[in-house]
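Structure first, commentary second.
The values are calculated or read from the model by the stated rules, or taken from the named source; none is laboratory data. Fair warning: this is a prediction, and the values are worked out from it, not measured in the lab. Note that we place each Cβ from the backbone using ideal geometry, even for glycine, and neighbour counts take in every protein chain shown. For accessibility, only protein heavy atoms count, side chains too; no ligands or nucleic acids. Shrake-Rupley method; radii C 1.70, N 1.55, O 1.52, S 1.80 Å.
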Amino acid sequence: MKRATQATETPQVGRSVPRLESWLKVTGRAEYVHNLRLPGMLYGKIFRSSVAHGRIKRIDVSAARALAGVHSVVTAAEVKTLVPEPYYGPAFHDQPVLAVDKVRYVGEPVAVVLASDPHVAEEAVHLISAEYEELPAVYDEVEAMTSKAIVHETLKPAGTFPDLKHLKGRSNTNVALDFRLRRGDAAKAMKGAERVFEHRFRTQQVMHTPLEPLVSVAESTDSSLTIHTASQSPSFVRIEIARLLGWPENRVRVRVPFLGGGFGAKLYIKLEALVAVLSLLVHRPVKVSLTMEEQFFTITKHASTFRIKSGVTRDGRIVARDCEVWWNGGAYADIGPRVTQKSGFTAPGPYDIQDVSIDSYALYTNLPPAGALRGFGIPQLVWAYESHTDMIARELGIDPVEFRRKNLLREGRPQATGTRMKDAALEKVLERTAALLEWEKPFDHGSGTVRRGRGLAIGFKACIANTTSLAAVSVNADGSCTVYTSCVDMGQGSDTAMAQIAAEVLRMPTESVTVVHSDTDVTPFDMATLGSRSLFHSGNAVKLAAEDAVRKLNELRAELKLAADTPIADVFRKKYGMRAGSVMGGGNFIPPYTPPDENGQTENATPFWMVGATGVELEVDTETGRVRITRLINVADVGTPINPRIVETQLSGGAIMQLGFTLFEKMLFDAEGQLRNASLAEYKIPGLLDLPAEIVNEAVVAEQRSGPFGAKGVGETATFGVSPAVANAIHDAIGVRLTELPLNPEAVFQAMHK
Amino acid sequence: MLKIGEEERGLSPFELAEPRSLREALALLGADGVRPLSGGTALMLMMKAGVLRPTRLVNLRRLGIDQIERGNGGELRVGAMTTLRALEKSPLLKEWPVIARTLRTLSNVRVRNVATVGGHLAHGDPHMDLPPLLSALGATVTIAGPKGERTTPVEALYAGYLETTLARNELITQLLVPAMGARRAAYLKCTTRSADDWPALGVAVVLDGRKTSIVVSAATDRPTRLASVEAAEGLRIESDLHGSAQYKKQLLRVYLARAIHEARHASH
Amino acid sequence: MRRAIQFRLNGASVEAQVAPHETLVEVLREEFGLFGARESCGQGLCGCCTVLVDGTAVSGCLYLAALAEGAHVQTVEGAAELDAVQEAFIERAAFQCGFCTPGFVLMTRQLLDEHPDPSEDEIRHYLSGNLCRCAAYPEIIEAVKLAARKRRQS
Ligand SMILES: Cc1cc2nc3c(=O)[nH]c(=O)nc-3n(C[C@H](O)[C@H](O)[C@H](O)COP(=O)(O)OP(=O)(O)OC[C@H]3O[C@@H](n4cnc5c(N)ncnc54)[C@H](O)[C@@H]3O)c2cc1C
Ligand code: FES
Ligand code: FES
């Protein structure tokens, strides 16, 4: 291994440094919780509900307990001996560690078998039986608004978010948040508009399917607990577990190595509360690792319905927009209410519209819970508003790119919240996408049974606020550097980016920086690795910490009367008379934010805007409805990339994932709420043969002035426009409009023959 | 008190037998819960899903039935334990290019490395690719049982969804595919989700002078021969996760025409 | 009902106590602390559990450990030095989370053994049984091409 601790003048940011952990990953030696085994460890296997909504009348675990090799069987009764109120969640304290009294979806954990042989535990799970008194269930998000089937008796907001407080104690409702935004008077403006268009769009429930399935391990003493977990939010896990147990935070340690993918699946509490309680109950280390199948019963992406209505002038200016969005949150709120609000306020799209009205509803239903998935609700919204945009343009006979140009939010103009756009390269991204598609040139639409089409779509996202990241940077006596952050590298390359940022400040090669993986006993607080916030927030914190370290080093140099360019190792040698000591810099980053008023208005809704557009060229087989993407163009404003190569892989990776959600991925439920395709054999994700023939990625020249070295997040940006760009291109090819995802061959074929 | 040793070694769900001759293997079969094991790829999936809980598996790998050769009548003879991959790579397949083409998109390389011709034909899942093609080509299998050998057309192997006409104490030992002669053939599979998915529909077409053999699978509960192109309309098709019955009927119309077209233009 | 089986593992002779129902990927993990082959889909579809048995790639999740008796089992941990394929994967940034990477590396080696200069179509087909949810596919294709060049040059 190279050990360079020499100072360098070579810029470290903007360099495509190979990931620091490359060697570990290509040799199979990277650490994942998946690999962890502890002495005396028991494996937990979960018994799950077979009904969508029911009161638990009886759970019979006697046969399971009697099976040779079974250590114990745990149900809510045992959980409650340790945690009387065993409910967790980031927005609502609604999700039980194991089902208490009621089950709310098929697949909900009801009991756990512990054994040192996972096969035995699995075998014993089949010996458990439960009886339920079935209750009426609701699955559709719009029906859930008025359904008599009520998923939760009373609403229990967590108290963390001010905009949920008013829901406390509400009963007889499935609405977990009713976000509203009013700017101007949309109804009046709509009446005055020359043309009015109204459409309704739907998205389906899908699943993240990280290839490393969810996994957590807990080990405990009576007064301390260590949780090793594949989590994107170690700091939250610590806070929430400490709250459940009524322990001080410093008794709970949460460690996170590499993640085998996250995409939002590994946020907040997933298995952590369960393994913590199990370990404390049995005084042994406990591991619960889900199978790929079980992941489908754990966390998913919101299905949604979006009614969108626009008032437009005859020459194509959008004057009013009315949005109503229903988010299918499943049985537990998870982060759904945040999705409803944080994404909800961008529902009218990146357009300059005077009068806007938005109602966005988070709904409980009897399906597996939905949370964040690469985009935090944005892909669902862009799907609707960019399909709608094309539909209007075509109705008005205006070129879709021209129509967008006419209405695009320009720098400095207020968005629906009233917040002015800043460092959001909407125009550039739109223009580059059109240019890469050669939009001005004639396009061959094919003939016979193969028709060709092209389309584009542009979306934007406000980074979540109000969130904090802390970091520390230690400069060691030999001049090497260690970065401490609770930012989690789940594949997005944050370790490398953080090292590059620290190295840039400290003027040393990135390779001489190491990044300590999240360990709440060691690494400082970080809100979570989600929503493309980490490069900006953690990156800024690391930058501040490195600057602090530089300041302290310079103070040392001054104190020792050393020249300003004295190598770090010499400074320490002079100070301590030998190789000893270190300097620790700290950074605390929390960008300014103003909470919205009761009309959703605020001057400062977000620390930064992400902008992404997609261009698509495709072929439709008119006899079968099959769509083949021939060209996929991803254009994004990522500010100034820290690591251009990693940025590029994020763009194409995000777009390909969204292509799966666009073309075929779908969780299929039967009338009883049973999932029919919970495995990779029946829930298909894109493989190499599904890859478009050509993929073009471009990060436009841009700068996020408040970002670390001009950078901002990129993890989700390329997902925004994919689905509507494909639908728009299908329309261009065969003149048929699809309003519901996925756009699979059968759906296209049926639409052609309606 | 629980002893750790017992705790860890509590489970022995099945026994694995490794006979060294066909006779020995046949003697081990027949009882309840006993299954032959070839590549094990399909068996493992069924066992993992809990649909199959055998007490004994009889591994056929030491029986020495894995040769590929051309018989005196120009036919292709494939030992049941030949892996799909060995078959795919066999130079003999130059004379049966349609089989090589079909194997290329059958499952994936790792599965083909392990899965065997015998296991493939004995499994009875209608979504499999070779049964319809081999049926259309008029292939037969040799079956060994306690009373000796019998030969049966591949087409006659299937009784329904995951059901075959093999007795519990019978083994497929060899596959025989007649020479192509002047025949031309095509097999098309259609997937409706990802490209690497199991087929929603498989259509095999063999043209022999004026005679056309058509065998359809995946959309049906077993490989099913169509007497004519028109017979496709009357075929019973069920809706499933790959698509509605109505849509799969449309796919059948389209793919049938395309398979015939491809067969016409195939070199073999 | 465990029994001892002997086999070679990455060149060394080893013995393990295995139950008939245990898969190869489990035994490598539990008995030998090798984690490069890892179970994800458990159904032969994703390739995360890829190992070589007597030089041929198999899905360790569908392969009974007992059948490895007498065979040579190789995992990604086998080689001490990075080979052309691993170097190419690093240079082309052909992974993100890295969970699928050992499987892709092993399959790419097999592909290049069979087709030293593969076409893009051959690459896509040969690796179609390996899934990458991070979708590093474009970079993987590039890495395979680069590895082929590297191999030919050396
Ligand atoms: C990931 C994956 C994807 C797949 N995709 C496809 C696909 O796209 N198309 C396709 O066609 N197939 C596909 N398959 C199925 C694959 O072709 C079969 O699993 C394989 O052919 C079975 O062969 P095997 O030797 O492993 O059989 P085994 O699993 O050993 O046996 C299968 C069945 O046959 C019985 N049996 C085995 N040998 C004999 C014998 N000689 N005589 C009598 N009975 C016997 C067994 O008891 C068992 O019931 C896929 C499989 C997997 C795992
Ligand atoms: S885990 Fe074996 S192929 Fe996916
Ligand atoms: S790199 Fe994450 S699954 Fe391939």
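Computed from the alpha carbon positions, the gyration tensor of chain C leads to an equivalent ellipsoid with semi-axes of 28, 16, 13 Å, biggest first. Surface exposure of the stretch A:119-267, expressed per residue as accessible area with a 1.4 Å probe, stands at 41 Å². With a threshold of 24 Å on the Cα-Cα distance, the over-threshold entries among B:LYS48/B:LYS147; B:LYS189/B:LYS248; A:LYS80/A:LYS287 are B:LYS48/B:LYS147.
Give the carbon-plus-sulfur fraction of the accessible surface of chain A in %, rounded to a whole number; probe 1.4 Å, heavy atoms of protein chains only. The computed percentage sits at 50. Amide H contacts for A:VAL254 (H built 1.01 Å from N in the peptide plane; partners 5 or more residues away or on another chain; cut-off under 5 Å): A:ILE227, A:THR520, A:ASP521. Taking Lys and Arg as +1 and Asp and Glu as -1, the other residues whose beta-carbon sits under 13 Å from that of C:ALA84 total +2.
Contact with the other protein chains removes 10 Å² or more of accessible area, compared with the isolated chain and a 1.4 Å probe, from these residues of the stretch B:165-198: B:THR191, B:THR192, B:ARG193, B:SER194, B:ALA195, B:ASP196, B:ASP197, B:TRP198. Of the DSSP H helices in chain A, those with a Cα length along their own long axis of 24 Å or more and a mean Kyte-Doolittle hydropathy reaching 0.0 comprise A:644-663. Put simply, the amide H of C:THR23, placed in the peptide plane, has neighbours under 5 Å in C:ALA65, leaving out anything fewer than 5 places away on its chain.
Each Lys or Arg adds one and each Asp or Glu takes one away; over the other residues whose Cβ falls under 9 Å from the Cβ of A:VAL325, this sums to -1.
In order along the stretch A:467-479, phi translates into HN-Hα couplings of 10, 10, 10, 10, 8, 9, 10, 10, 9, 8, 5, 8, x Hz, rounded to whole numbers, per the Karplus curve 6.51 cos²θ - 1.76 cosθ + 1.60 with θ = phi - 60° and x for Gly and Pro.
Taking all protein chains together and rolling a 1.4 Å probe, A:LYS574 ends up with roughly 120 Å² accessible.
Across the stretch B:156-163, rounded Karplus estimates of 3J(HN,Hα) from the backbone phi angles (6.51 cos²θ - 1.76 cosθ + 1.60, θ = phi - 60°) give 8, 6, 10, 10, x, 4, 6, 10 Hz, Gly and Pro being marked x.
In this structure, the amide hydrogen of A:GLY585, modeled 1.01 Å from its nitrogen in the peptide plane, lies closer than 5 angstrom to those of A:VAL473, A:SER474, A:VAL475, A:ALA549, counting only residues at least 5 positions away or on a different chain. With the simple spin-label model, which puts each label point 7 Å out from Cα in the Cβ direction, the A:THR154 to A:THR10 separation comes to 6.4 nm. Taking every protein chain into account, the accessible area of the stretch A:602-673 amounts to 23 square angstrom per residue (probe 1.4 Å).
Here the Gaussian network model covers chain B, with springs between Cα atoms less than 10 Å apart; of B:GLY160, B:GLY119, B:GLY234, B:GLY234 fluctuates the most.
Here A:ARG413 sits with roughly 90 square angstrom of accessible surface, probe radius 1.4 Å. Working note: Karplus 6.51/-1.76/1.60 with θ = phi - 60° gives the stretch A:262-269 the couplings x, 6, x, 5, 9, 9, 6, 9 Hz, where Gly and Pro are set to x. Counting Lys and Arg as +1 and Asp and Glu as -1 over every other residue whose Cβ lies under 12 Å from the Cβ of A:PHE669, the net charge comes to -1. Here, P(r) means the percent of Cα pairs in each 10 Å bin from 0 to the largest distance; for the protein assembly as shown it is 2, 10, 18, 23, 22, 15, 8, 3, 1, 0, 0. According to the Cα-based calculation, Rg over Rh for chain B is 1.01, with Rh computed by the Kirkwood formula.
In the full protein context, chain B carries 43 Å² of accessible surface per residue, based on a 1.4 Å probe and ignoring ligands, DNA and RNA. Span-like helix criteria (full DSSP H runs; alpha carbon extent of at least 20 Å along the helix axis; mean Kyte-Doolittle hydropathy of at least -1.0) are satisfied in chain B by B:245-265. For A:GLU133 and A:ARG410, the difference between the fully extended length at 0.36 nm per residue and the C-alpha to C-alpha distance is 94.0 nm. Each label was represented as a point 7 Å from its Cα along the Cα-to-Cβ direction; for B:ASP208 and A:ARG170 these points are 7.2 nm apart. Placing pseudo-labels 7 Å out from each Cα toward the beta carbon at B:ALA27 and C:GLU15 gives an inter-label distance of 3.0 nm.
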